[in-house]
1. Going by what's in this entry, would residue A:74 be described as at pLDDT 90 or above and either at the interface with another protein chain (Cβ under 9 Å from one of its Cβ atoms) or within 25 Å of residue B:89 (Cβ to Cβ) (or both)?
2. Identify the residue in the stretch A:69-88 that is in a loop (DSSP other than H, G, I, E, B) and of a type outside the set (Ser, Thr, Tyr) and, among all such residues, is nearest to residue A:109 (Cα to Cα).
3. Could you check residue B:99 against (1) among the hydrophobic types (A, V, I, L, M, F, W, C); (2) part of a loop (DSSP other than H, G, I, E, B); (3) modelled with pLDDT of 95 or more and say which number it fails?
4. Condition check: exposed (fewer than 15 other Cβ atoms within 10 Å of the Cβ), out of contact with any Gly (no Cβ under 8 Å at 6 or more places or on another chain) and closer than 30 Å to residue A:6 by Cα. Does residue B:40 satisfy that?
5. Please state which of the following conditions residue B:11 fails to meet, knowing it meets all the rest: (1) free of Cβ contacts under 8 Å to residues at least 24 places away in the same chain; (2) part of a strand (DSSP E or B); (3) over 25 Å from residue A:91 (Cα atoms); (4) not β-branched (Val, Ile, Thr).
Amino acid sequence: ILNVEQSPQSLHVQEGDSTNFTCSFPSSNFYALHWYRWETAKSPEALFVMTLNGDEKKKGRISATLNTKEGYSYLYIKGSQPEDSATYLCAPNTGNQFYFGTGTSLTVIP
Amino acid sequence: NAGVTQTPKFQVLKTGQSMTLQCAQDMNHNSMYWYRQDPGMGLRLIYYSASEGTTDKGEVPNGYNVSRLNKREFSLRLESAAPSQTSVYFCASSWATGAGYGYTFGSGTRLTVV
């Protein structure tokens, strides 16, 4: 079992604000990390697949970075919009399976 | 595109009853997975199938069995349901179990065992 921590647990921001959250995991035997976006009443949707230390991925206003040596990944949202409201899950893999964090719940207030 | 389809969406069982959750994907993915989601916990892997004809235990396999019926379908069976199995169950699929492949999830089955 892998200890995956996501912080903060929840976040409320105003429309237009930029925000970021963290996924922490043990740095030994890192294999890959996934980020997912999970809207209420829907199923998780893959955002990024990250494998290399220093990886930076971008999709529209959302980007992510990965530091495998220190065991963390950041997810950034620039200029948050109400449609960004969702829970963001990270799932690192140390070679066996992906372990999901409990997520950061983001609410963007219009 | 249907993606990953799970049935049923909701189910109430009595303790000791059995049931099978069905999952089918139409993306020609090789690997399929069953997860459960409980309050305050991350998605936990129950069983997975890396390819047609293989199945392996995940983090929380006790009380469950699976069948990879063909490349498209992966079912999860509860032989004798217990209240501890009350959860939301998600099926997922991916091209392979390797690091570079994101998962596509179904819409979930909400199971209550009374």
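1. It is false that residue A:74 is at pLDDT 90 or above and either at the interface with another protein chain (Cβ under 9 Å from one of its Cβ atoms) or within 25 Å of residue B:89 (Cβ to Cβ) (or both).
2. Among those residues, the one meeting the criterion is A:81.
3. Against the list (1) among the hydrophobic types (A, V, I, L, M, F, W, C); (2) part of a loop (DSSP other than H, G, I, E, B); (3) modelled with pLDDT of 95 or more, residue B:99 comes up short only on (3).
4. Here the answer is yes, as residue B:40 does meet what is asked.
5. All conditions pass for residue B:11, except number (1).
Residues checked against (1) in contact with a strand residue (DSSP E or B) (Cβ under 9 Å, 6 or more places away or on another chain); (2) away from chain B (no Cβ under 12 Å); (3) surrounded by 15 or more Cβ atoms within 10 Å (Cβ to Cβ):
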| site | (1), (2), (3) |
| --- | --- |
| A:21 | yes, yes, yes |
| A:25 | yes, no, yes |
| A:36 | yes, no, yes |
| A:46 | yes, no, yes |
| A:61 | yes, yes, no |
| A:65 | yes, yes, yes |
| A:98 | yes, no, yes |
| A:102 | yes, no, yes |
| A:110 | yes, yes, no |
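The values are calculated or read from the model by the stated rules, or taken from the named source; none is laboratory data. Only a predicted model underlies this, so the values are computations on that prediction, with no experimental measurement involved. Using ideal geometry, Cβ is built from the backbone for each residue, glycine included, and neighbour counts are taken over all protein chains shown.
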